[in-house]
Every structure is written in C-alpha cells, then in structure tokens.
Amino acid sequence: MNNDYQSCVDQILSAWEPKQKEGALKIIQKYGYPQEATASRLIWYNNGVWKRTIVHRDAVSHCFPTLHPDFLEQTIDYRTPLDAFDALAYYDGGVYPDRTKGEVSVFCDKEEMNTLSLNLFHDIVTCKRTVEEARKCYTEIAKNYLLNGISSPYLEQLLFPPQHNTADPDVRYF
C-alpha cells in the first residue's frame, strides 16, 4: 500500500461523521487499509473470517436492541435454507441473506455485534433457538458487552464452520 493511497483514504475519512470515521479506523487498525476506497465507502476482501467488509459513510438508524447507527457491513458465504427466510426477517433487520449469491450480510456499528448477529442467525437456521429466543439472547449479550464490558463467545468468533459453494442460481425455465 503506497503513501498516496493511504493519504487518499485519510482524506476521504476526514469528511465522514465521527462514528463512521471511528469505525473505519478500527477496521483499518485490525485489517490494514482497504482494497477499495470511494467517497462513500471503504471495502476489504477476504479479511479475517469475512468474505467482504464495507464501512459506509452513510449510516442507517437501527433500534434493535438499542439505538445505534448501522454502517459496518460484513459478509460471509452461507446457504440460507429457503424455509428460514421468513423467520430470519423477524429476527433482525440488519441481517440480509442473499439466496442467489449464497451469502449473508450483517450491518451494525461494531464487528463484535456483527459476529453476534451471525452466530444467532445460525442458531435460528439450525433450530437451536427460536427467533424470540435469539432476540432475547442478542439483547442480553449486547447489553452485557456494551454497558459492562462483559464478553461472550458469541461476540468473539463465528461458532460454526465456514461454508463453501453456497450460491443458488435457481432453476432455468427457458
């Protein structure tokens, strides 16, 4: 990574809101400078467990489990069973399974919360928890972490093996 590129990224971040800038700097500190940078987002590929990480300049307000801005998008390969999509829509509006790509993306303001979201997503898909149980568990773990600094394995790493060849191009009709 050359100094001109780093300067460009730093210049981009100078125009961002403080929370998004702070979130981007945390990701840069952990994974290095992004592979792509535009005025509205920074993008990393294959960083850690993530297929893709995007820090967005523009945040979306999200109230579950407490008010926070969603600007950190992280994606993994995951084949979401078709019969789970309805339940997952009730689980968390910041979780987006994509059947065709075979991915699931999560949006929050902290990587730990994205990890928590995906672990509970997987618990729902594998019938380990109901949607209601997952939402309650998410709230308890997030509250303990954000207010008291108490961690959980659900925040620290994905608790299920990575998936591969997850795309579902559907069936051709003509």
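The values are calculated or read from the model by the stated rules, or taken from the named source; none is laboratory data. Everything quoted here is computed from the prediction, not taken from an experiment. Using ideal geometry, Cβ is built from the backbone for each residue, glycine included, and neighbour counts are taken over all protein chains shown. Heads up: the accessible areas ignore ligands, DNA and RNA and are worked out on the full protein's heavy atoms, side chains in. Shrake-Rupley method; radii C 1.70, N 1.55, O 1.52, S 1.80 Å.
Can you work out which of the residues in the range 95-112 that are more than 22 Å from ALA142 (Cβ to Cβ) and touching a strand residue (DSSP E or B) at 6+ places or on another chain (Cβ under 9 Å) is most open to solvent (accessible area, probe 1.4 Å)?
By that ranking, first place goes to LYS101.
Go through the residues of the range 40-54 one by one and say whether even a single one is farther than 18 Å from SER105 by Cα, of a type in the set (Ser, Thr, Tyr), open to solvent by less than 60 Å² (accessible area, probe 1.4 Å) and in contact with a Leu (Cβ under 9 Å, 6 or more places away or on another chain).
no
For every residue, the table says whether it meets (1) part of a helix (DSSP H, G or I); (2) basic (Lys, Arg); (3) surrounded by fewer than 17 Cβ atoms within 10 Å (Cβ to Cβ).
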position: ASN114; (1), (2), (3): yes, no, no
position: ILE124; (1), (2), (3): yes, no, no
position: ARG129; (1), (2), (3): no, yes, no
position: CYS137; (1), (2), (3): yes, no, no
position: TYR145; (1), (2), (3): yes, no, no
position: TYR154; (1), (2), (3): yes, no, no
position: THR166; (1), (2), (3): no, no, no
position: VAL171; (1), (2), (3): no, no, yes
position: PHE174; (1), (2), (3): no, no, yes
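Mind counting the residues in the range 59-94 that are aliphatic (A, V, I, L, M) and open to solvent by 30 Å² or more (accessible area, probe 1.4 Å)? Can you show your working first?
Within the range 59-94, the first condition is being aliphatic (A, V, I, L, M), and the residues that meet it are 59-60, 67, 72, 76, 82, 84, 87-89.
Keeping just the survivors that are open to solvent by 30 Å² or more (accessible area, probe 1.4 Å) gives 59-60, 67, 82, 87, 89.
Residues in the range 59-94 being aliphatic (A, V, I, L, M) and open to solvent by 30 Å² or more (accessible area, probe 1.4 Å): 6 in total.
Anything in the range 142-174 that is of a type outside the set (Ser, Thr, Tyr), over 21 Å from VAL104 (Cα atoms) and in contact (Cβ under 8 Å) with a residue 24 or more places away in the chain? List them, or say none. Let's see the steps before the verdict.
Filtering the range 142-174 down to residues of a type outside the set (Ser, Thr, Tyr) leaves 142-144, 146-150, 153, 155-165, 167-172, 174.
Of the ones still in play, those that are also over 21 Å from VAL104 (Cα atoms) are 143-144, 146-150, 172, 174.
Selection gives LYS143, LEU146.
Among residues belonging to the range 40-58 that are assigned to a loop (DSSP other than H, G, I, E, B) and touching a strand residue (DSSP E or B) at 6+ places or on another chain (Cβ under 7 Å), point out the one that is nearest to TYR138 (Cα to Cα).
VAL49
Can you confirm whether the range 16-39 contains a residue that is part of a strand (DSSP E or B) and open to solvent by less than 50 Å² (accessible area, probe 1.4 Å)?
Checked the range 16-39: at least one residue is part of a strand (DSSP E or B) and open to solvent by less than 50 Å² (accessible area, probe 1.4 Å).
Which of the residues spanning the range 15-54 are more than 23 Å from TYR78 (Cα to Cα), in contact with a helix residue (DSSP H, G or I) (Cβ under 8 Å, 6 or more places away or on another chain) and among the small types (Gly, Ala, Ser)?
ALA24, ALA37, ALA39
Considering only the range 59-83, how many residues are more than 13 Å from the chain's Cα centre (by Cα), farther than 15 Å from CYS108 by Cβ and not in a loop (DSSP other than H, G, I, E, B)?
The total comes to 2.
Name the single residue that is farthest from PHE71 (Cα to Cα) among those in the range 84-107 being among the small types (Gly, Ala, Ser) and not in a loop (DSSP other than H, G, I, E, B).
Step one: filter the range 84-107 for residues among the small types (Gly, Ala, Ser), giving 84, 87, 89, 93-94, 102, 105.
Subset that is not in a loop (DSSP other than H, G, I, E, B): 84, 87, 89, 105.
Numbers: ALA84: 25, ALA87: 24, ALA89: 19, SER105: 12 Å.
Restricting to residues being among the small types (Gly, Ala, Ser) and not in a loop (DSSP other than H, G, I, E, B), the top hit is ALA84.
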